[in-house]
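Enquirer: Here it is, the structure, as structure tokens.
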């Protein structure tokens, strides 16, 4: 009996444009809060970007292998002349590897903290909006609409935060490198490497925001429409 | 509904009563740890198309549970609920959403407009879900806002509207997809006396104009005078059902005191 009745109407839909609009505005209206959540992403990505661009700049300077530059590099505690073979350089290489794994460890930790931060902020946002979510469900929203809205929101947030983080991380590193190595940085600027790093950072930051929002979005979607009726708070 | 003399007399203008919501021996048991709470103990009820029905009862009476049940928001532990002849328990999540989208309009105690949307967008959201194009939705939304007297304020956000105005928007939103039933959960509880009366009048007007069934849970005695029928719920059972004529007497009686 139910099938006969329900087959009559069209589907229930939430067009992507509408979803984008709603989630974008949800962010705007809670701008202060979004900013705090986003700042986690900004910091983590700024750190990531700063490590990557510093590696790229130093690497490109080292590859030049000019004595004046090598001197500057050594003054900043960086091994040079790796191209020349010998026992000393093997040792240096080992030290570099160790340094690298330390960096990876730090980056992973900061990114992990960032995901946890996003998840936490999104969970709060879900709890805060239980009535709004319940209302949407009363109006006929499917679980998938709610998931879509929250994931979009987090993705926007992540994208904006990541972009800011990339700019900040790069700018700081670039300024520091200018202080340390002067004009050489500009002469041997590893544009391709930096651009590539920025691209990776954008993907990493945005996907982390998406991952962090998954559990909260799922929880929001599972909320019962009757929650909308709750009159307290 | 059998065509008894009494039944025909109750709703004079309607020739034949069509049932829109029907409950059969509905029971609802909540488990709170070891204890079972019987919120509803077997309720049989028929609600007819086009009637204005109020459900009254103290808190803890099972009123809310019953209200949620007829609104497709809760499923019975035992018994059956039919909304527009559809057995609610048989529906999957998608069908339930469909039912809520098109067959039922909800009005809440605290208005529950989506804060990021304008009045018009709030009204058109259910239409968007129902697959209307944005032009169709806008036109229909403007008509509905006009009907509730807010045609000029379509671009206002909820926080720029008074409580009464927000509730008017909510009424328009509830009617967005021409539902069979509008469920109003204490629609006047957060409003002052005059505004509450206005909302009740508005609901009554909508009920007369478009023939939509209105089911409202309420403590508000102002509601009694406009209701076609009032159901009192107590201890998980329907204690009393009163028709309009009986109510008129009661209301005048109360006012006379």
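Enquirer: Determine, yes or no, whether residue A:132 is surrounded by fewer than 17 Cβ atoms within 10 Å (Cβ to Cβ) and within 14 Å of chain B (Cβ to nearest Cβ). Break it down stepwise before answering.
Expert: Working: surrounded by fewer than 17 Cβ atoms within 10 Å (Cβ to Cβ): no; within 14 Å of chain B (Cβ to nearest Cβ): yes.
No: the conditions fail for residue A:132.
Enquirer: Within the range B:115-129, how many residues turn out to be more than 7 Å from every other protein chain (Cβ to nearest Cβ) and either part of a helix (DSSP H, G or I) or within 14 Å of residue B:73 (Cα to Cα) (or both)? Walk me through how you get there before you give the answer.
Expert: Residues of the range B:115-129 more than 7 Å from every other protein chain (Cβ to nearest Cβ): B:117-124, B:127.
The next check asks that each one be either part of a helix (DSSP H, G or I) or within 14 Å of residue B:73 (Cα to Cα) (or both); those that pass are B:119-124, B:127.
So the answer is 7.
Enquirer: Can we say residue B:13 is farther than 18 Å from residue B:212 by Cα, in a loop (DSSP other than H, G, I, E, B) and modelled with pLDDT under 90?
Expert: Values: farther than 18 Å from residue B:212 by Cα: no; in a loop (DSSP other than H, G, I, E, B): yes; modelled with pLDDT under 90: yes.
Criteria not met by residue B:13.
Enquirer: Listed residues A:177, A:164, A:171; which is more than 14 Å from chain B (Cβ to nearest Cβ) and out of contact with any helix residue (DSSP H, G or I) (no Cβ under 7 Å at 6 or more places or on another chain)?
Expert: Checking each option against the conditions leaves just A:171.
Enquirer: If residue A:139 meets every condition in (1) farther than 30 Å from residue A:41 by Cβ; (2) more than 14 Å from every other protein chain (Cβ to nearest Cβ); (3) in contact with a helix residue (DSSP H, G or I) (Cβ under 8 Å, 6 or more places away or on another chain) apart from one, which number is that one?
Expert: If we test residue A:139 against (1) farther than 30 Å from residue A:41 by Cβ; (2) more than 14 Å from every other protein chain (Cβ to nearest Cβ); (3) in contact with a helix residue (DSSP H, G or I) (Cβ under 8 Å, 6 or more places away or on another chain), just (2) comes out false.
Enquirer: Here's something else I'd like to know. Can you pull out every residue in the range B:92-108 that is assigned to a loop (DSSP other than H, G, I, E, B) and buried (at least 21 other Cβ atoms within 10 Å of the Cβ)?
Expert: Our first condition is that a residue be assigned to a loop (DSSP other than H, G, I, E, B); within the range B:92-108, this holds for B:92, B:103, B:108.
Once the filter is applied, which keeps residues that are assigned to a loop (DSSP other than H, G, I, E, B) and buried (at least 21 other Cβ atoms within 10 Å of the Cβ), the range B:92-108 yields B:103, B:108.
Enquirer: Of the numbered conditions (1) in contact (Cβ under 8 Å) with a residue 12 or more places away in the chain; (2) in contact with a helix residue (DSSP H, G or I) (Cβ under 8 Å, 6 or more places away or on another chain); (3) more than 7 Å from chain A (Cβ to nearest Cβ), residue B:132 fails exactly one; give the number of that condition.
Expert: (1)
Enquirer: Hey, among B:68, B:112, which residue is facing chain A (nearest Cβ under 10 Å), closer than 21 Å to residue B:220 by Cβ and without any contact (Cβ under 8 Å) to a residue 24 or more places away in the chain? If you could, list the steps in order and put the result at the bottom.
Expert: Details: B:112 fails: without any contact (Cβ under 8 Å) to a residue 24 or more places away in the chain.
Only one candidate qualifies: B:68.
Enquirer: Still on this structure, please answer the following. Check the range B:176-185 and report whether any residue there is assigned to a strand (DSSP E or B) and either touching a helix residue (DSSP H, G or I) at 6+ places or on another chain (Cβ under 6 Å) or more than 27 Å from residue A:136 (Cβ to Cβ) (or both). Lay out the reasoning, then the answer.
Expert: Just the residues of the range B:176-185 that are assigned to a strand (DSSP E or B), to begin with: B:181-185.
From the residues that got through so far, the ones that are either touching a helix residue (DSSP H, G or I) at 6+ places or on another chain (Cβ under 6 Å) or more than 27 Å from residue A:136 (Cβ to Cβ) (or both) too are B:182, B:185.
Yes, because at least one residue in the range B:176-185 is assigned to a strand (DSSP E or B) and either touching a helix residue (DSSP H, G or I) at 6+ places or on another chain (Cβ under 6 Å) or more than 27 Å from residue A:136 (Cβ to Cβ) (or both).
The values are calculated or read from the model by the stated rules, or taken from the named source; none is laboratory data. As the structure is a computational prediction, the values presented were derived from the model and not from experiment. Ideal geometry is used to build each Cβ from the backbone, glycine not excepted, and the neighbour counts take in all protein chains shown.
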